[in-house]
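Input: a single structure, listed below in structure tokens.
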Amino acid sequence: MIKITKLSAFVFSGLITGLAVSATHAQAPVKAADDPLMKIYRATPPKINDLVHTKLDVRFDYKKCFMYGKEWVTLRPHFYPTDTLRLDAKGMDLNNISIVKNGKNVPLKFKYDDSLTVAIQLDKVYHNDETYTIYINYTAKPNQLHVKGSAAINDAKGLYFINPDSAVKDKPVQIWTQGETESSSAWFPTIDKPEQKTTDEIIMTVPGKYVTLSNGQLVSQKKNADGTRTDDWKMDLPHSPYLFMMAVGDFKIYHDHWRNKEVNYYLEPKYAPYAKQIFGMTPELIEFYSKTLNYDFAWSKYSQIVVRDYVSGAMENTSATLHGEYVQETPRELLDAYYDAGRSTIAHELFHQWFGDLVTCESWSNLTVNESFADFSEMLWAEHKYGKDEGDAHSYTALQNYLGSPDASSKDLVRFHYDDKEDVFDVVTYQKGGRILNMLRNYLGDAAFFKGLNIYLKTNQFKNGEAQQLRLAEEEASGLDLNWFFNQWYYGAGHPVLNISYKWDDASKTETVYLQQTQDGQTFKLPFAVDIYAGGKKERHKVWMNDKADTLTFSAASKPDLVNVDGDKVLLCAKTDNKSLEEFEFQYANAPLFLDRFEAINAVAGHQSDKGAQKVLIAALRDKYYGLRIKAIRALNMSNDDVHNAALPVLASLAQTDENTLVRAAALSALAKLKMAGNMDIFKQAISSQSYAIQGAALTGINSLEPKEALTLAKGFEKDNKGALTQAIVTVYSTSGGDDQWSYVFNAYNAAAPQGRFNMIRNFAAMTGHVGKPEYAQQGISAIKDFGIKYKQFGVAPVIIGSLNDIKAQRTKLNDTASAQAADDAIKAINDAK
């Protein structure tokens, strides 16, 4: 599950490093190490009975939001004989539980007193060479179930009725399920643990106008006399209960294929024409992963469906991935949707079909063998499809998400001690785990690493795995002992905090590199490359750091132009690299990787009076990777005349001709800040772009020069705007608009995702401050207060309270004492919120 990835969290710019998904992950409050719950060893649950086959026959009551179910679950004792069975069954009415004998249901005694699990007394003692089938007639009542979700998965009632009474206009009526972690047992009784594997059959009776989706193949459809239809889905390969899924609704299906298997995309009808643009990379992805792993996609089909009000980012249900609506976009939106804007999540969830679905973590403590791999796959696909810079940029963002997360360094990757299983879905399991796999790949080399993954998959297919089995597979492939690697990275916490310094001795022609790990806790053993650039050549040295402080020495004919520690830029570490400005300037021009150039741009950005630094920044405006072009644009100090004169023609060119819409938008934004009348023609040319990002930046530019013209243009864009253009309209209205524009601004703010609302907050507050009607001002204050309280845990309070103070001052000037008091009350409510 992701990220943005599978996690539904977002990143507040400037407050939290990060987002998605794909996703960074909001984190649950960290429990202190001495909390009693953190002392509990989270053992893999004992297997008393094993699931063999699960058959469900269900129908839905849209008015009550109930599901009426019949279940036939076949089991066998795992090893020891038993005459009892315990099933997870959350918040249900259990009407009948029977043993099936010779085609007849013989009632059994059961105890169901906590509404979470049911203890069943079987009719006899069964041995592990016997199977038995239990029949259960039940009613699932998900909306009456009160259970805890997590930062990753913000609700846990298992079965969701979306707009079931059609009360919300233009919102579809849907049903869908979410099983991870242990919520499938909210819609059918089962042993709801990832260590269980079962084949299944799900028969759904639904209104005839709707389509259905589930795991496996649709084997039959039958129209019923009452206008309903019964669909029968069968999964003939075993998978874990949390990977079961159902979806029902008005979806249009786009039929694609990979080799001889169905690949289908289920979207709302208005987005169906864009299905290929949204999901069309999927067959190529399946082929790439199948070849890379030397293990073909195992399931009978692969479908992806987009639903409303999803509780996470996406979910890798076996053969049927479910996505939140963020992935559903128009062609205009897709113009600005590069890899991290939803595409990475498609890659992430597909990789789970091998790591998570084919081989499933034995327990949530070993979630890393699911989620770390899916996170790693995002980088893997990016570098294959879009180039190494894209893969490295994606990986670096993930690393920063981990490093910037409070208390993440205190958590082991394989986590046997936690408060709640949901807590394991965090930046350690996802982003840190993905970077650990990339280090292992770099250490072993691609051939050995991927051979090891193939061994792991084939050894544990349709069963369960944990980190030790991954270690054994990689050792078998490579012939190397990897205990040291797994002990420090999988079973230990934290990361190295490296300080690197250098000294050249001209007399002995020796370059000395001083390495020091300054973190508390364990000392990390680190293999990496050091590249020496001297005399126009690069020489690579493979080295190890084994102690908290190490000294490396290298001979060179002349003083090196650059010593590049971690030449492959794969180390998971926080790093202080004490290179000179001249060395960073050389690094930009000569070292090949994304992070080499990124570090150099960072280093020179604060020294723009230096001619070499200016040269790097101007060169970086034309960098081959669009993300670094944007970084360079944003780093420019245009108050420096030399920088201004060199950068201005390049910015003008980028604003008009760059192939990347986000680069063009960034260049336009930089020009807008200059407020130069000569740029008006560039803004007017860009305002007709199909890219919302470019239009938004152009409108902002026009607003900086001709606010009245911008106001007229903004009104014309009200019917068709998204993302950056919406924010630009709000900006224009916040400076020039009045009561007539309030409803647009208020609705745009409320409709935005949390990150979008945060990005709008200052302009929304400005509009709230000067709008004419006090009732409008109080609407805005209430919306800002609610946002501040809800997301206070993410550190937004200083910005929100600052905005409310500005509103208070403005309303006071307008003699609107009621609104000024409302702003004061809102500040107090945010401060008092826990």
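The residues in segment 697-728 that are surrounded by fewer than 23 Cβ atoms within 10 Å (Cβ to Cβ) and of a type in the set (A, V, I, L, M) can be counted, and the count is 3.
One line per residue, one yes/no per condition, for (1) buried (at least 24 other Cβ atoms within 10 Å of the Cβ); (2) over 30 Å from Gly179 (Cβ atoms); (3) within 20 Å of the chain's Cα centre (by Cα):
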position	(1), (2), (3)
Ala382	no, no, yes
Lys421	no, no, yes
Ile436	no, no, yes
Arg441	no, yes, no
Ala447	no, yes, no
Ile455	no, no, no
Phe462	no, no, no
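Remark: pairs (first residue in segment 86-97, modelled with pLDDT of 95 or more and of a type in the set (Val, Ile, Thr); second residue open to solvent by 50 Å² or more (accessible area, probe 1.4 Å) and in a strand (DSSP E or B); Cβ separation under 7 Å; 6+ apart in sequence or on different chains) = Ile97/Phe110. For Ile153, which of the numbered conditions (1) buried (at least 19 other Cβ atoms within 10 Å of the Cβ); (2) modelled with pLDDT of 95 or more fails to hold? Ile153 satisfies every listed condition except (2).
Pairs, please: C-beta under 9 Å, at least 6 apart or cross-chain, first residue modelled with pLDDT of 95 or more and open to solvent by 10 Å² or more (accessible area, probe 1.4 Å) and in segment 178-195, second hydroxyl-bearing (Ser, Thr, Tyr) and part of a helix (DSSP H, G or I)? Qualifying pairs under 9 Å: Glu182/Tyr242; Ile191/Ser185; Lys193/Tyr242. Scanning segment 745-778 for residues that are surrounded by fewer than 17 Cβ atoms within 10 Å (Cβ to Cβ) and assigned to a loop (DSSP other than H, G, I, E, B) returns Ala753, Gly772, Lys773. Could you check segment 810-834 and list, in sequence order, the residues that are within 25 Å of Gly795 (Cα to Cα) and either among the charged types (D, E, K, R) or modelled with pLDDT under 95 (or both)? The answer is Asp824, Asp825, Lys828, Asp832, Ala833, Lys834.
So, in segment 95-111, of the ones that are outside any loop (DSSP other than H, G, I, E, B) and either of a type in the set (A, V, I, L, M) or under 42 Å from the mean Cα position of the chain (by Cα) (or both), which residue ends up farthest from Gln174 (Cα to Cα)?
Val106
From the residues in segment 396-416 that are assigned to a helix (DSSP H, G or I), closer than 14 Å to Leu572 by Cβ and of a type in the set (Ser, Thr, Tyr), which one is farthest from the chain's Cα centre (by Cα)? Steps first, please.
Let us first name the residues in segment 396-416 that are assigned to a helix (DSSP H, G or I), namely 396-403, 408-410.
From what is left, the residues that are closer than 14 Å to Leu572 by Cβ are 396-403, 408-409.
Next, only the ones that are of a type in the set (Ser, Thr, Tyr) stay: 396-397, 402, 409.
Values: Tyr396: 14, Thr397: 12, Tyr402: 13, Ser409: 20 Å.
Once the filter is applied, the top-ranked residue is Ser409.
If you filter segment 211-243 down to residues that are within 16 Å of Ser300 (Cβ to Cβ) and more than 29 Å from the chain's Cα centre (by Cα), you find that the one that is most open to solvent (accessible area, probe 1.4 Å) is Asp236.
Residues of segment 505-526 being crowded, with 16+ Cβ neighbours inside 10 Å and either of a type in the set (Lys, Arg) or not in a loop (DSSP other than H, G, I, E, B) (or both), which ones? It would help to see each step written out before you state the result.
Step one: filter segment 505-526 for residues crowded, with 16+ Cβ neighbours inside 10 Å, giving 511, 513, 515-517, 519, 524, 526.
Scanning segment 505-526 gives Glu511, Val513, Leu515, Gln516, Gln517, Leu526.
Screening the candidates Phe746, Phe787 for the property of being under 30 Å from Pro331 (Cα atoms), under 30 Å from the mean Cα position of the chain (by Cα) and not hydroxyl-bearing (Ser, Thr, Tyr) yields one hit, Phe746. Within segment 119-133, the residues that satisfy the criterion of being open to solvent by less than 80 Å² (accessible area, probe 1.4 Å) and not polar (S, T, N, Q) are Ala119, Ile120, Leu122, Asp123, Val125, Tyr126, Glu130, Tyr132. Quick check: anything in segment 101-118 open to solvent by less than 30 Å² (accessible area, probe 1.4 Å) and under 27 Å from Trp176 (Cα atoms)? Looking for residues that are open to solvent by less than 30 Å² (accessible area, probe 1.4 Å) and under 27 Å from Trp176 (Cα atoms), one finds at least one in segment 101-118, hence yes.
Restricting attention to segment 793-811, the residues being buried (at least 16 other Cβ atoms within 10 Å of the Cβ) and over 14 Å from Arg762 (Cα atoms) number 2. Screening Phe554, Phe594, Phe586 for residues that are among the aromatic types (Phe, Trp, Tyr) and over 30 Å from Arg664 (Cα atoms) leaves exactly one candidate, Phe554. Looking at segment 560-663, the helices (runs of 4 or more DSSP H) lying wholly inside it that each contain 3 or more residues that are farther than 30 Å from Met545 by Cα sit at 611-620, 626-635, 641-657.
Looking across segment 262-306, the residues that are part of a helix (DSSP H, G or I), open to solvent by 40 Å² or more (accessible area, probe 1.4 Å) and not hydroxyl-bearing (Ser, Thr, Tyr) come down to Pro269, Lys270, Pro273, Lys276, Gln277, Glu284, Glu287, Lys291. Scanning segment 334-353 for residues that are at pLDDT 95 or above and open to solvent by 10 Å² or more (accessible area, probe 1.4 Å) gives Leu334, Leu335, Asp336. With respect to the conditions (1) closer than 30 Å to Asn460 by Cβ; (2) open to solvent by 30 Å² or more (accessible area, probe 1.4 Å); (3) assigned to a loop (DSSP other than H, G, I, E, B), Asp309 falls short on a single one, namely (1).
Residues that are open to solvent by 70 Å² or more (accessible area, probe 1.4 Å), charged (D, E, K, R) and part of a strand (DSSP E or B) within segment 43-94 comprise Arg59, Lys70, Arg76, Arg86, listed in sequence order. Per the listing Gly612, Gly567, the residue uniquely out of contact with any His (no Cβ under 8 Å at 6 or more places or on another chain) and within 30 Å of Ala667 (Cα to Cα) is Gly612.
The values are calculated or read from the model by the stated rules, or taken from the named source; none is laboratory data. All figures in this text were calculated on a predicted structure; none of them were measured in a lab. With ideal geometry, Cβ positions are generated from the backbone for all residues, glycine too; neighbour counts draw on all protein chains shown. Side chains included, ligands, DNA and RNA excluded: accessible areas come from the protein's heavy atoms. Shrake-Rupley method; radii C 1.70, N 1.55, O 1.52, S 1.80 Å.
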